[in-house]
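Notes follow once the structure below has been shown.
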Amino acid sequence: MTVVSFLNLKALTEELRSELDEAVGRVLDSGLYILGPEVEKFEEEFAAYVGARYCVGVASGLDALHLALRAMGIGPGDEVVVPSNTYIATWLAVSSTGATPVAVEPRETTFNIDVDRIESAVTTRTKAVLPVHLYGQPADMDPIVSLARERGLKVLDDAAQAHGSKYRGRRVGSLADATAWSFYPSKNLGALGDGGAVTTDDSGIADMVRVLRNYGSRHKYHTERPGVNSRLDELQAAILRVKLAHLDTWNARRARIAARYQDGLASTAVRLPVAAQECESVWHLYVVRTDDRPGLQGHLEANGIQTLIHYPLPPYRQQPYLSGPHPDFLVSDRLHAEVLSLPMGPHLDDQQVDCVIETVKKYKPWKQP
Ligand SMILES: *Cc1c(COP(=O)(O)O)cnc(C)c1O
């Protein structure tokens, strides 16, 4: 039996082993372990890659979201529009500033926030819109940004799953007032530990995130804001510089795998992800929909194929948000009941992808008349 793992981080580390060893060695030898030259160079290189003027490295994706919101002046009493179907961090970042996340349903086709529903969620307290590029496909940014401009709102996009993806030919990372990134190991660009960043063209936002990530201080031992300690590690920055150079190659492998799935699964009972015309997804996840998820997932598992669910519970059904008040989120509820993520990552070869396809095709209940 071919065993197909969902993602194999060890294999990916092995692939770049000598380059990573060299980068780690460079930091060990430098004696500079916090906010040294590696962080500075990674910030320059990542800003150039996404096409933004500034990049500020921080300790995680959650912190990138939180600090960008604070740099935009968002705090208690404010509201921020978020998708109803996203990873919990998007909502937690808003809550941690003291503001309230106000959820908007996704489009069923793209899983991304439904632009047509944003306007009715905007109130006099709304300060920002926070779209998420879920599973690696950019949200429909142009209408979101123009609505925000009309209503005097900021736009922060959560690009934790979208390193390298494009919207109308432009890379995610400079499409909004600021963009938040995570370098959690399993992301398309992942460190060997935690990490995050904010990219922006706005010098004021970049400057404030820089101050907030380092005790709110611009000059050592002089604090001007109640900041935090949320710096990108020097060691992780050195690792990320190595991996950034391979990002496009690894994303191209993901795109090839996705194309193979799209072809191979076209005539099966699973519903395939829809690629929006204006977008180039980086396929962080390959997510199908099925009304028999437990059956299909069990069948795949019994045949050595590891799948995951992103996500089993939406944010509004998590403990901190149960008390609402929320409208019904029928689209999100349906998606959460149907989504299943198939193995996806640069570690997969064609034979493994074909094995997943053949195994899906052999699922019995679909073969009965
Ligand atoms: C991973 C992720 C985050 C959080 O990133 P961390 O680095 O784990 O804090 C935020 N939003 C989305 C959509 C994510 O996938």
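The values are calculated or read from the model by the stated rules, or taken from the named source; none is laboratory data. What you are looking at is a predicted structure, and each value in this text was computed from that prediction instead of being measured. Cβ atoms come from the backbone with ideal geometry, glycine included; neighbour counts cover every protein chain shown.
Looking only at strands (runs of 3 or more DSSP E) that lie completely in segment 116-219, which have at least 2 residues being of a type in the set (A, V, I, L, M, F, W, C)? Reasoning before the result, please.
Values: elements: 126-129, 154-158, 178-182, 196-200, 217-219.
Where strands (runs of 3 or more DSSP E) fall fully within segment 116-219 and carry at least 2 residues being of a type in the set (A, V, I, L, M, F, W, C), they are 126-129, 154-158, 178-182, 196-200.
Does any residue of segment 200-213 turn out to be away from the ligand (no atom under 16 Å from the Cβ), within 19 Å of the chain's Cα centre (by Cα), of a type in the set (Val, Ile, Thr) and buried (at least 19 other Cβ atoms within 10 Å of the Cβ)?
Scanning segment 200-213 turns up at least one residue that is away from the ligand (no atom under 16 Å from the Cβ), within 19 Å of the chain's Cα centre (by Cα), of a type in the set (Val, Ile, Thr) and buried (at least 19 other Cβ atoms within 10 Å of the Cβ).
Provide a single number: the residues in segment 62-116 that are within 28 Å of ARG289 (Cβ to Cβ), within 13 Å of the ligand (Cβ to nearest atom) and charged (D, E, K, R).
So the answer is 0.
Please go through segment 341-354 and pick out each residue that is closer than 14 Å to VAL288 by Cα and either buried (at least 22 other Cβ atoms within 10 Å of the Cβ) or modelled with pLDDT under 95 (or both).
LEU342, PRO343, MET344
Could you tell me whether VAL287 is outside any helix (DSSP H, G or I), in contact with a strand residue (DSSP E or B) (Cβ under 6 Å, 6 or more places away or on another chain) and at pLDDT 95 or above? I'd like the intermediate steps shown before the answer.
Working: outside any helix (DSSP H, G or I): yes; in contact with a strand residue (DSSP E or B) (Cβ under 6 Å, 6 or more places away or on another chain): yes; at pLDDT 95 or above: yes.
Yes.
Within segment 56-89, track down each residue that is in a strand (DSSP E or B) and surrounded by fewer than 23 Cβ atoms within 10 Å (Cβ to Cβ).
Of everything in segment 56-89, just one residue is in a strand (DSSP E or B) and surrounded by fewer than 23 Cβ atoms within 10 Å (Cβ to Cβ), namely GLU79.
Return the pair list, or none, for Cβ contacts closer than 6 Å from residues in segment 322-334 that are touching a residue at least 24 places away in the same chain (Cβ under 8 Å) to residues that are of a type in the set (Phe, Trp, Tyr), at least 6 apart or on different chains.
Taking only residues 6 or more apart or on different chains, the pairs are HIS326/TYR316.
Do we have ASP194 as within 16 Å of the ligand (Cβ to nearest atom) and in contact (Cβ under 8 Å) with a residue 60 or more places away in the chain here?
For ASP194, the condition - within 16 Å of the ligand (Cβ to nearest atom) and in contact (Cβ under 8 Å) with a residue 60 or more places away in the chain - is met.
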